[in-house]
Amino acid sequence: MAKIWTAGEIIVEIMRVKEDKPLDEEHTFRGPFPSGAPAIFISAAAQLGAQAKIWGGVGRDKFGDLLLRRLKADGVDVSDIQIAGEGATGTAFVAYQANGDREFIFHIDGTPSANIDFKENGQIPDFFHVMGCSLTVNSKMRSEIEHAVQYFAQNKAKISFDPNIRPSLLAGRSIMEIAGVVMEHCSVFLPGSDELMLFAGGADSTAGAAEALFQRFPKLEIIHVKKGKRGSQIITRSATVDIPIYQIEKTYPIVDPTGSGDSFDAAFVTALAGGLELEKAGALAAKAGAINAAALGPMGGKIKELINKALAGEAQ
C-alpha cells in the first residue's frame, strides 16, 4: 500500500444556494461541507487505497468534529491533526456565478486550521503532496510545510505539488518567494495552464514553459498540465501525452467544481505510486476530477466507489 501524505488547511465550506448571489448581498447558504484543498486531496487518496495522513488543525467545535469524522470515515490517519482548545475551525464562503466563476471569502489565518506542527519521526511516505494555497496562509504554515518537504525529499520521498495559488494571494511577492523551496524538491508538478506560464516566467508556449522548468529544477520528472475542458497534458523530459476529459456530464450534470482539481491530483499521484503507466494514470485523474464535479460539496464525489476498479485494471 502506497504511503501518500500531505499537510495544510482543514476547513469547512459554506456555499450559496443559488448562482449569481455575490457574497456582499444577503442571501441563503448551505453547508457546512468538509473542505480545504489538502484535506480534499488526502480524502480521495485514502479512498483510492493509499495509506493517507495529513498534518493540520481544527477547533474543538462542531465543524472540527465534522471534519475529523469525515476524514476518519475515508480512511485518513488523523493522528497528526491538532485539536485546539481555543478558536474556531477555519471556514470558506463561496458563491458561484452562472458562467462558472467563483467568489471566495476565507477565514483560515488566525484559526486552529492555520496550525501545523510537523515533527520528524523517521517514517517516510512514497509521496508528500503540497498545495500552494497552504503556502500562502501564513509564514508559520509555510515554514512547517517546507520543513516537511525538505525532510521527506532528503529521505527519498517524492514531492508532488499543485501550485493552486491565486495571484491575489501573492501580496506583492514573487511566486518563487512562496513556492521556491517546494519547487527545488518537486518531482511531480500539477499546474493549470496559467500557473505553468507563471512559474516558467516569460515562456510563450506550454512546451517552452515545461522545458524552462525542467532546466531550472533537476528533480522535476513530470509536469501534468490541467487544461479544463481541453483535458490535460502530461509532459516528461522525453515524452508528451495528451489526456482527454472524462465526459461525466453525459450521465450526471456538473454541480460543484470545487475540489475537482484536488481529486484529480490524488488520483494521479495514487496511480503513479501504484505503478500505473502515465496514460492510465492521467485518465484516472480525469475521471476523479469529473466525479467530484458531479457531486455537491468539495468532498462529495464517491471516488472509492467509482474508481477502484480502474486502479485494479478492470476498467478502460
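Would you confirm, using the coordinates I've provided, whether Leu66 is more than 17 Å from the chain's Cα centre (by Cα), within 20 Å of Asn292 (Cβ to Cβ) and not hydroxyl-bearing (Ser, Thr, Tyr)? For Leu66, the condition - more than 17 Å from the chain's Cα centre (by Cα), within 20 Å of Asn292 (Cβ to Cβ) and not hydroxyl-bearing (Ser, Thr, Tyr) - is met.
Within the option set Ile159, Ile145, Ile165, being assigned to a helix (DSSP H, G or I), under 15 Å from the mean Cα position of the chain (by Cα), aliphatic (A, V, I, L, M) and crowded, with 21+ Cβ neighbours inside 10 Å holds for one residue only, Ile145.
If you take the residues in segment 212-225 that are surrounded by 16 or more Cβ atoms within 10 Å (Cβ to Cβ) and free of Cβ contacts under 8 Å to residues at least 60 places away in the same chain, which one is nearest to Ala290 (Cα to Cα)? Top of the filtered list is Val225. Would you say Leu276 is at pLDDT below 85 and surrounded by fewer than 24 Cβ atoms within 10 Å (Cβ to Cβ)? Criteria not met by Leu276. So in segment 184-232, with the set limited to residues that are touching a strand residue (DSSP E or B) at 6+ places or on another chain (Cβ under 9 Å) and hydroxyl-bearing (Ser, Thr, Tyr), which one is nearest to Ala273 (Cα to Cα)? For segment 184-232, the residue satisfying everything is Ser187. Among the candidates Ala200, Ala286, Ala281, the residue that is within 24 Å of Ala157 (Cβ to Cβ) and crowded, with 18+ Cβ neighbours inside 10 Å is uniquely Ala281. Test Thr136 against the criterion of being modelled with pLDDT of 90 or more, under 18 Å from the mean Cα position of the chain (by Cα), buried (at least 20 other Cβ atoms within 10 Å of the Cβ) and polar (S, T, N, Q), and give yes or no. So Thr136 fits the description; yes.
The criterion of at least 2 residues that are surrounded by 19 or more Cβ atoms within 10 Å (Cβ to Cβ) and touching a strand residue (DSSP E or B) at 6+ places or on another chain (Cβ under 8 Å) is met, among strands (runs of 3 or more DSSP E) falling completely within segment 18-116, by 29-35, 51-59, 91-96. Somewhere in segment 98-107, is a residue among the polar types (S, T, N, Q) and farther than 30 Å from Glu184 by Cα? Within segment 98-107, one or more residues are among the polar types (S, T, N, Q) and farther than 30 Å from Glu184 by Cα. Looking only at segment 30-38, decide whether some residue is in contact (Cβ under 8 Å) with a residue 60 or more places away in the chain and of a type in the set (Phe, Trp, Tyr). Checked segment 30-38: at least one residue is in contact (Cβ under 8 Å) with a residue 60 or more places away in the chain and of a type in the set (Phe, Trp, Tyr). The condition of being small (Gly, Ala, Ser) and at pLDDT 95 or above does not hold for Gly49.
The values are calculated or read from the model by the stated rules, or taken from the named source; none is laboratory data. Only a predicted model underlies this, so the values are computations on that prediction, with no experimental measurement involved. For neighbour counting, all protein chains shown are included, and Cβ atoms are generated from backbone atoms with ideal geometry for every residue, glycine included.
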